[in-house]
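The block underneath contains the structure these notes are about, expressed in structure tokens.
The values are calculated or read from the model by the stated rules, or taken from the named source; none is laboratory data. Every value quoted in this text rests on a predicted model; they were computed, and no experiment measured them. All accessible areas refer to the heavy atoms of the entire protein, side chains included, with ligands and DNA or RNA removed. Shrake-Rupley method; radii C 1.70, N 1.55, O 1.52, S 1.80 Å.
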Amino acid sequence: MLIINFVGIVLIAFIVWWFWLYSPNNKQKKLANNIGDEVNIMVQDGVYQPSNIILKANTPSVIKFIRKDPSPCAATLIFPDFEISDELPLNKTTEISLPPMEKGKYVFHCSMQMYKGYLVVE
Ligand SMILES: [Cu+2]
């Protein structure tokens with residue numbers, strides 16, 4: 001009985017850690033020059049890599065998403081600020097075209113917002 005309770009507590013702690021605390025590469029940044037430079041984002045192991053993309057303001061951009069994560073949750077990619085919602089086929093590269101953006105920080109995420117990344121437009 002005691003062991004079962006212990007296992008349960010460890011499981012709960014793991015779930016909390018996985019969904020709320022674990023965020024590798026959060027500080028990783030990629031400097032990109034929009035069109036011309038390739039911006040590639042891997043969708044793998046529950047994260048976007050890199051998850052912070054720096055883009056130039058007032059310039060259209062193209063980002064390539066490469067989805068390696070089989071989780072169905074990773075299949076939908078949403079840029080709420082630009083009303084972009086796209087499907088990412090598994091093991092394929094999907095190009096997302098973004099309109100010219102004003103300076104600011106824009107989020108993108110999966111359908112349930114468990115995968116999250118940011119565009120930093122400067
Ligand atoms: Cu999700």
### Message
Quick check: at a probe of 1.4 Å, how many percent of the accessible area of segment 25-121 sits on carbon and sulfur atoms?
### Response
48 percent
## Note on the structure
quick note, segment 25-121, DSSP beta bridge pairs, % antiparallel (nearest 5) is 65 percent
### Task
Can you give me the P(r) profile for segment 25-121? Cα pairs, bins 5 angstrom wide beginning at 0, each as a whole percent.
3, 15, 27, 29, 19, 7, 1
## Note on the structure
Taking placed amide H atoms and a strict 5 Å upper bound, the residues 5 or more places from residue 61 or on another chain that come that close are 98
### Query
Which far-off residues, 5 or more places away or on another chain, put their amide H under 5 Å from the one on residue 39, with H placed in the peptide plane?
64
